[in-house]
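Input: a single structure, listed below in structure tokens.
The values are calculated or read from the model by the stated rules, or taken from the named source; none is laboratory data. Keep in mind that what you see is a predicted model, and the values were worked out from it rather than measured. Here the Cβ is made from the backbone with ideal geometry for all residues, glycine too, and neighbour counts use every protein chain on show.
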Amino acid sequence: MFTRETLRAALLSLVFALAALAVWHFATVQPERAAAADDEYAQLMGRGVRKSDGFPTPAQLGEAVVQHLSRPFYDNGPNDKGVGIQLAYSLARVAGGFTLAILVAVPLGFLIGMSPLLNRALNPFIQVLKPISPLAWMPLALYTIKDSSVSGVFVIFICSLWPALINTAYGVASVRRDWLSVAKTLEVPPLRRAFRVILPAAAPTILTGMRISIGIAWLVIVAAEMLVGGTGIGYFVWNEWNNLNLTNVIFAILVIGVMGMILDFVFGRLQKLVTYVE
Amino acid sequence: MAFLEVQGLKKVFPGAAGRADTVVFEDIGFGIERGEFVCIIGHSGCGKTTILNVLAGLESPTDGVVIMDGREVAGPSLDRGVVFQGHALMPWLTVLKNVAFAVKSRWPDWTRDRIDAHARKYIAMVGLAGAEHKKPAELSGGMKQRVGIARAFAIQPKMLLLDEPFGALDALTRGTIQDELLRIVQATHQTVFMITHDVDEAILLADKILLMSNGPRALIAEVVENTMPRDRTRNTIFNDPQYYRIRNHLVDFLVNRSKLYQSGAGRDGDRHPPVLRPGLDEAEAPAAAPGRQGEPPPLAHKPAALVVNLR
């Protein structure tokens, strides 16, 4: 499993990480000031006391990471929840919006891909709706849905919809004619053809769309939660910014990155599962 | 009336804006008897594949009808198995599943075991026993095409349509699969319509060879009956003097005469192309070719030394 190449790459990664940490450390560590003549005066000036609200050192971040991860699921009221709980809220919203989007995008994409007429008819709408920032829908969602949490789900739905829809339509439209001809000469009924020929043929493209969608959804959920507030990892970031606790903000950024990587990895695996070699 | 009857087939592709329509072929008429193996030969662009697609029901002709077993062909049917040029296997399915997919389409009520057993029988028939669980990507070109043949045979169609099935294979593999196809067809008395570019392949396999003139406005110029004994094989075929006479005739047609029809020569409104038996000695069959070109075809080439690349 571990070839020389991967081992060397891993070593190099480690070197980069250490170098970055070192740069960070020396840029942020505060040199011990020469003791002031008067301790009391120094205290009055705010010196000599460890600052908690400045840019943290790697060591401080490490402390925070250990502290957060040792108690991920505590709940001390609306503004003080464990990061695990916040993450769970975000993931639940993403899962909800994403699932809804897939439930709409895949069947609709199938229809668009199979019917050139429908493709042409719907294309202008898709082209106009696709480039709209999902957050632009937020006011409309808040007004109509009147629930900030559900509005978040709606925003995720909207942003996940387009890549999945477009990729499904493209995948279905570009199924090789040969396979369709085989299905025709075998008099395969439409439903069986859809599920046994077109779906597996288009599956890699559909999964690519879903992978792009989940990536965008994870990008958008942070912004959406900053906007609607209440719960979620995005709200956590905003809350810690208001607390001027940069350590926690950096920790949250790390968590968001790792979670995004995991999501992408999972969909990458799913994609591999349905990919075929021609 | 023949088992398969093609009458007055014509295909027109509409031209792009402002340009004239293209008549690919017209006045195509021929018959295929039950159990007969018919090859069609012609240069690229004469519409051979279109004719096959019309027989398969995948394309509809501009004019004319195809009648099989007393019923008009309108749309694809399980009665006609097709082996596609590019094998057209589904790459996400194993060999067994590819064949089983066709079997299940033919007999939807069969149990899984029965379907698998049936599929295995046909996979073994094309010599691929042991490769059932391989994906097409793991197979060589020849093996893929064999799976395609097994899939077409497995649904036990009334007629088999082969679109240049061995075109992409190397000469050695092609020979082996030709032998296998010949063996299977002789054993099952399958009715076959096959497109080929290969004169030797046609002589080996076909009972009747349709010669198509060059497109556009292609037509079937001649029907050549293969008078060689049906138990011929790839190894013995060269010992028969008929082989050289037939081969000469076909090559001469492809090289010299196939383009003559474009200018309008030979178009006399006669829908029935002459039936020729060039394999027989001229003395044996003087009246065998009553068509419009009564004179025996000129034999201008030395057969043994002639190599023609038709691609």
Considering only residues of region A:247-278 that are out of contact with any Leu (no Cβ under 9 Å at 6 or more places or on another chain), in contact (Cβ under 8 Å) with a residue 40 or more places away in the chain and under 22 Å from A:A59 (Cα atoms), which is nearest to the other protein chains (Cβ to nearest Cβ)? A:A252
Pick from A:L103, A:L91: which is among the aliphatic types (A, V, I, L, M) and within 30 Å of A:N245 (Cβ to Cβ)? A:L91
Just give me the residues in region B:72-116 being part of a helix (DSSP H, G or I) and of a type in the set (F, W, Y), in sequence order. B:F101
Looking at region B:48-57, can you tell me whether even one residue there is within 14 Å of chain A (Cβ to nearest Cβ), of a type outside the set (K, R) and in a strand (DSSP E or B)? no
Of the numbered conditions (1) buried (at least 18 other Cβ atoms within 10 Å of the Cβ); (2) assigned to a strand (DSSP E or B), B:V65 satisfies every one except a single condition; which is it? (1)
Determine if region A:217-224 includes at least one residue that is of a type outside the set (K, R), within 14 Å of chain B (Cβ to nearest Cβ) and part of a helix (DSSP H, G or I). no
When you scan region B:198-217, do you find a residue that is closer than 27 Å to B:S140 by Cβ and exposed (fewer than 15 other Cβ atoms within 10 Å of the Cβ), even just one? no
Among the residues of region B:127-140, are any of a type outside the set (D, E, K, R), outside any helix (DSSP H, G or I) and crowded, with 19+ Cβ neighbours inside 10 Å? yes
Filtering region B:126-157 for residues that are within 14 Å of another protein chain (Cβ to nearest Cβ) and touching a Lys or Arg at 6+ places or on another chain (Cβ under 6 Å) leaves a count of 3
Pick from B:V99, B:V82: which is facing another protein chain (nearest Cβ under 9 Å), among the aliphatic types (A, V, I, L, M) and buried (at least 22 other Cβ atoms within 10 Å of the Cβ)? B:V82
Which of the following residues is within 19 Å of B:E201 (Cβ to Cβ) and modelled with pLDDT of 90 or more: B:A117, B:A168, B:A152, B:A137? B:A152
Please specify each residue of region B:9-25 satisfying the condition of being of a type in the set (G, A, S) and touching an Asp or Glu at 6+ places or on another chain (Cβ under 6 Å). B:G15
Could you please find all residues in region B:142-177 being farther than 20 Å from B:A129 by Cβ, assigned to a helix (DSSP H, G or I) and in contact (Cβ under 8 Å) with a residue 12 or more places away in the chain? B:R174, B:G175
Test: B:Q186 is more than 26 Å from B:L93 (Cβ to Cβ) and not in a loop (DSSP other than H, G, I, E, B): yes
Hits in region A:168-192 (condition: surrounded by 19 or more Cβ atoms within 10 Å (Cβ to Cβ), more than 9 Å from every other protein chain (Cβ to nearest Cβ) and part of a helix (DSSP H, G or I)): A:T168, A:A169, A:G171, A:V172
